[in-house]
Amino acid sequence: MPGTGRVILRRAILLTLAFILIVILTAGILEGTGFAQKIYEALVTQNVQSDVQIYARTHPGASPSDIQNFKNQMTKYWMEYYGLIDANGNPVPPYIRMWKLVFNSLKFDFGYTNQEGITGLIGRLPPQPVITVIAGVLPRTILMATVAELVCALIALPLAPRIAYKHGSLWDRLIVSYAALFNAVPVWWLAMILLSVFGYTLRIFPTNYRALMTYINTFWSNPLVNTLYISWYATLPVITLVIAFLSTWLYSIRAMVLRIVREDYVMVAKAKGLPEKDIARRYIVRVMAPPIVTYVILALAGSLGGLIITESVFDWPGMGTLTYYAITTGDVNTVMGVFFILVLVYILARLLLEVLYIILDPRVRYR
């Protein structure tokens with residue numbers, strides 16, 4: 001066990017260093033290329049124009065010089081707010097802004113967003129803390145994408161090994177055909193078809209998925225009723241993703257098991273006349289556990305990033321929609337926040353895999 005602890009600690013330190021390096025590189029790209037500065041300057045111009053318009057309406061007797069002085073004051077305020085200048089009005093170099101962005105991100109302080117499309121995902125007016133927006137939309141992505149991945153795992157894990165063990169059977173050919181078909185079908189196209197049929201034509205499921213926020217925001221006022229409504233809203237998106245993802249799950253796990261079933265030691269075990277249950281448990285399940293666990297953990301972690309186009313089809317207020325709004329509006333704070341959270345989830349998933357590998361294969365602790 002002491003050796004195991006050292007291995008886990010060493011892997012945790014390496015993953016943490018890799019995580020910090022990724023954050024530094026991302027901040028360096030945003031600030032070093034001038035992308036962040038252009039976005040900040042555009043936001044300063046937009047905010048100043050809005051402030052000047054409000055000032056002109058509320059001060060009808062203001063002279064042009066008064067308006068210009070107010071404009072200069074607000075320009076300085078917003079430039080200091082976005083970190084373009086310091087308190088003395090001196091320009092802040094990009095490398096200083098980069099390190100500030102890194103340190104703030106590592107403290108989960110991603111600043112505020114002033115984009116109405118982004119804050120509207122949680123039903124609030126700007127400005128709002130980016131971490132608040134992410135915390136609001138993340139459970140919805142878990143409800144849709146992660147639940148769908150879990151359903152796929154629960155179906156594929158017991159079914160795919162049985163199919164692979166009977167290679168060449170009718171069920172095996174059907175699974176291969178199913179995987180080939182739905183791997184070629186875009187998920188968003190399938191979502192459009194199912195929404196059109198079951199939403200607009202048959203009217204079984206809702207078509208306005210933004211209304212989901214009402215039941216989430218008022219969940220504790222009537223938990224039972226709101227749970228039923230949330231489940232109703234989530235059913236069609238989950239079914240869509242299960243149909244699309246299950247083909248990949250079945251084919252991937254089938255391929256892993258099929259490779260192991262054809263190994264010489266399995267053939268020898270069969271030739272010795274060992275029972276099928278013992279062969280499956282001792283020679284197949286133990287060997288296929290690490291790669292399958294890797295696939296399951298990384299698939300679940302990746303699902304937290306959401307599906308940008310598919311969420312757009314359902315107008316689902318999740319991480320995918322947030323990512324889309326953050327990129328199209330050029331909201332640097334939100335882009336950094338979303339990227340940070342997704343990388344953090346991936347790093348934690350990798351650390352969990354390292355621990356599970358040691359449990360499943362003790363040889364790993366000596367590497």
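The values are calculated or read from the model by the stated rules, or taken from the named source; none is laboratory data. What you see is a predicted model; the values in this text were computed from it and never measured. In this analysis, Cβ positions are derived from the backbone assuming ideal geometry, glycine residues included, and neighbour counts consider all displayed protein chains. For the accessible areas, the whole protein counts, side chains as well, though only heavy atoms, and no ligand, DNA or RNA atoms are used. Shrake-Rupley method; radii C 1.70, N 1.55, O 1.52, S 1.80 Å.
Here is how the numbers come out for the structure above:
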| read-out | value |
| --- | --- |
| Cα-based convex hull volume of segment 217-357 per residue, rounded to whole Å³ | 171 Å³ |
| Paramagnetic reach from TYR77 (point 7 Å along Cα→Cβ, amide N under 20 Å) across segment 119-134 | 125-129 |
| Heavy atoms of ASP331: accessible area, 1.4 Å probe, square angstrom to 10 | 10 Å² |
| Share of Cα-Cα pairs in segment 229-299 lying beyond 16 Å, as whole percent | 60 percent |
| Exposure rank, largest accessible area first [VAL355, VAL257; 1.4 Å] | VAL355, VAL257 |
| Assigned charges on the beta-carbon of Lys, Arg, Asp, Glu; segment 254-322 dipole about Cα centre (debye) | 560 debye |
| FRET efficiency for LEU274 and LEU228, using Cβ-Cβ distance with R0 set to 51 Å, rounded to 0.05 | 0.55 |
| Per residue accessible area of segment 219-328, 1.4 Å probe, in Å² | 48 Å² |
| Positive-end residue of ILE359, TRP220, VAL335, charge dipole of the chain with Cβ unit charges | ILE359 |
| Segment 1-144 - percent relative contact order, Cα under 8 Å, separation 6 or more | 19 percent |
| Under 5 Å, built H, 5+ apart or other chain: amide partners of TYR112 | VAL130 |
| Difference of contour (0.36 nm per residue) and Cα-Cα distance, THR218 to GLU263 | 10.6 nm |
| Taking the convex hull of Cα positions in the chain, its mean projected area over all directions (nm²) | 26.5 nm² |
| ³J(HN,Hα), Karplus 6.51/-1.76/1.60, whole Hz, each residue of segment 92-101, x for Gly, Pro | 9, x, x, 5, 6, 5, 4, 5, 5, 5 |
| In sequence order, calculated HN-Hα J values of segment 177-185 (Karplus, 6.51, -1.76, 1.60; Hz; x Gly/Pro) | 5, 4, 5, 5, 5, 7, 6, 8, 8 |
| 5 angstrom amide H check on ILE85, placed H, neighbours 5+ away | GLU80, VAL92 |
| Of ALA56, LEU190, ILE131, farthest towards positive along the dipole that unit charges on Lys, Arg, Asp, Glu beta carbons give the chain | LEU190 |
| Principal semi-axes in Å for segment 271-350 [√(5λ), Cα gyration tensor, largest first] | 42, 14, 6 |
| Taking only Cα atoms of segment 73-132, radius of gyration then Dmax in Å | 13.4, 37 |
| Whole-number D in µm² s⁻¹ for segment 12-133, Kirkwood Cα-pair radius fed into Stokes-Einstein, 10 °C, 1.306 mPa s | 96 µm²/s |
| With all protein chains modelled, accessible area of LYS71 [1.4 Å, Å²] | 90 Å² |
| Residue of ILE134, ILE327, ILE230 that the Gaussian network model of the chain assigns the largest fluctuation, springs spanning Cα pairs under 10 Å | ILE327 |
| Cα-centre dipole for the chain with unit charges at Cβ (Lys and Arg positive, Asp and Glu negative), debye to 20 | 1600 debye |
| Value of relative contact order over the chain, rounded to a whole percent, pairs C-alpha under 8 Å and six or more apart | 24 percent |
| Accessible-area ranking of SER177, SER221, largest first, probe 1.4 Å | SER221, SER177 |
| Overall dimensions of segment 140-213 as given by Cα atoms, namely Rg and Dmax in Å | 16.2, 48 |
| LYS100 accessible area, 1.4 Å probe, all protein chains in place, Å² to nearest 10 | 120 Å² |
| Computed [θ] at 222 nm, helices only, for the chain once each DSSP H run of length n ≥ 4 contributes -39500 (n - 2.57) | -24000 deg cm²/dmol |
| Whole-number percent relative contact order across segment 15-84, with pairs defined as alpha carbons under 8 Å at least 6 apart | 36 percent |
| Helix 147-165 axis, angle to the chain major axis (alpha carbon atoms, nearest 10°) | 20 degrees |
| Residues VAL92 and ALA62, FRET efficiency given R0 of 25 Å [Cβ-Cβ distance, rounded to 0.05] | 0.20 |
| Non-local Lys pairs in the chain, i.e. 8 or more apart or on different chains, that have alpha carbons under 22 Å apart | 7 |
